Amino acid sequence: MSYVEYIEPKLSRFFIFNPAYFGLREDNDYEKVLLYYPATDIREQMLDVGLIEGLVQFASTFSDTPAESCHNEKTRFTIYECEPNWWIVMGSQNPKKIKHIEEKKGKKTVERTEVEWLYEDLDDIVLRNTVDRCYKMFRLFNGPMEMIYQEQGEAGIREVLNQTFISIIQSIKLPNLDLFHTLEGVEFLPVNKNVYLRILSLINYSEQTFDQIKYSTLMYKDSLVWSGLEQDDMRTMYRFLVCLFKVYFFKIIILTIRNKSGFLSGPVDLNDPNTECRAQRVYIGPESDPHYLIIYQVYLFQPGCF
C-alpha cells in the first residue's frame, strides 16, 4: 500500500541581531545576537547570523535596497531591517510531501520513501508581512528598539526582547498564513449622517474637556466606527483589540463586569479615590511617543482613548 504524507511548513528559527552596536570584536562577536528562538548552541546561532550578514553585504553591492529573503530547498529566510542596524530574521521550513511506496522484492515487501520539498508554496510577501506585524506589535507596547537601547542599555534591550518577542513568535502559525493576512483589513461599521455627527460631537467634547486625551477611537463589537489614529497605528491597535485583548485580558473583562465600572483598561472603581489604575502604556503617533491606553465599554460600544 502506498500513500502520501503532507508535512506543513513550520517556524524553524527567529532571531534579532545588531552588528553595529554589539559583538564588534572577534572574541565577542556572539554578543550581536540579542534574541534567538528556539534556544540553541551559540555556534549554530553564529552560523545563521553570519549567513545573513554575508548575504546582506553581498547584495548591497548590486542594490541600495537590503536583501529581503534567502531561499534554499528546505528553508526560507525572511530578512527585515526594522530600524537602522536592527535586523529581524525568520527562518521557515518549507512544506514537503513524503511518498511512502511499498515494493515487492521476491517474497518480501519493502517500503521506501521519496521526499519532495514544496519550496514554492511559501510566499515572500506573506512572510515579510508576518515579520513586520510582529515588529509593529512589539513597538506598540515597548517603543522602538533604538529608544529602548538608549534608555536601558544592552541588558535592558535584551531583557525586553526576550520578555516580549517570545510570546509574539509563539503566536505565528505558518500553515494558516495566506495573502489575505497581508491586507490587514479593518472592518468598518457604516452609520448614517446623523449618527456620525453625534459620534463626532462626543469625541470632540471628550477631547476638549480632557486635554490629556490625544487620540480617540470608537468601536462597535469588532467593527471600527471612528478613529483619530494614524492608519498604521490603527491597524496594529485594531488587531490587538479584536484578536488579542479579549484573550490576554479576559480576567480584567470579568472583573469589569463584576464592578460595573465599564473600564476594560483604566481605573477599576471610579467610586474609590485610591482605586488601582490598569492602563497599558503604548507607543503611537509619528514619533512613537508614549501614551496610556484607556478602554471603556458601554454595552457593545468600545471607545478607546490615548
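The values are calculated or read from the model by the stated rules, or taken from the named source; none is laboratory data. Just so you know, these numbers come straight off a predicted model, no measurement behind them. As a convention, Cβ positions derive from the backbone with ideal geometry for all residues, glycine included, and neighbour counts pool all protein chains shown. Just the protein is used for accessible areas: all its heavy atoms, side chains included, with ligands, DNA and RNA removed. Shrake-Rupley method; radii C 1.70, N 1.55, O 1.52, S 1.80 Å.
If only residues of segment 130-158 that are of a type in the set (Phe, Trp, Tyr) and in contact with a strand residue (DSSP E or B) (Cβ under 8 Å, 6 or more places away or on another chain) are counted, the one that is modelled with the highest pLDDT is TYR135.
Filter segment 167-179 down to the residues that are open to solvent by 40 Å² or more (accessible area, probe 1.4 Å) and not charged (D, E, K, R), then identify the one that is modelled with the lowest pLDDT. Before the answer, list the steps.
Initial filter on segment 167-179 (open to solvent by 40 Å² or more (accessible area, probe 1.4 Å)): 167, 170-171, 173, 175-179.
In the following step, the residues that additionally are not charged (D, E, K, R) were identified as 167, 170-171, 175-177, 179.
Working: SER167: 86, GLN170: 88, SER171: 84, PRO175: 83, ASN176: 80, LEU177: 79, LEU179: 71.
For segment 167-179, the residue satisfying everything is LEU179.
Annotation: LEU161 fulfils all but one of (1) closer than 29 Å to LYS74 by Cβ; (2) open to solvent by 30 Å² or more (accessible area, probe 1.4 Å); (3) of a type outside the set (Asp, Glu); (4) modelled with pLDDT of 85 or more; the unmet one is (2). The C-beta contact set for segment 228-240 (first residue within 18 Å of ILE294 (Cβ to Cβ), second residue modelled with pLDDT of 85 or more and polar (S, T, N, Q), distance under 8 angstrom, 6+ apart or interchain) comprises GLY228/SER216; GLY228/THR217; LEU229/THR217; MET234/THR217; MET234/SER227; MET237/THR217.
Residues in segment 180-229 that are closer than 26 Å to THR130 by Cα and open to solvent by 100 Å² or more (accessible area, probe 1.4 Å): PHE180, LEU183, GLU187, PHE188, LYS221. Listed by position, the strands (runs of 3 or more DSSP E) contained in segment 1-118 that have at least 1 residues being in contact (Cβ under 8 Å) with a residue 60 or more places away in the chain and out of contact with any Leu (no Cβ under 8 Å at 6 or more places or on another chain) are 3-7, 10-17, 33-37, 75-83, 86-93, 96-105.
Residue-wise test of (1) open to solvent by 40 Å² or more (accessible area, probe 1.4 Å); (2) in contact with a helix residue (DSSP H, G or I) (Cβ under 7 Å, 6 or more places away or on another chain); (3) farther than 21 Å from PHE14 by Cβ.
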| residue | (1), (2), (3) |
| --- | --- |
| ALA39 | yes, no, no |
| LEU47 | yes, no, no |
| GLY50 | no, no, no |
| VAL56 | no, no, no |
| CYS70 | no, yes, no |
| LYS74 | yes, no, no |
| THR78 | no, yes, no |
| ILE88 | no, yes, no |
| LYS108 | yes, no, yes |
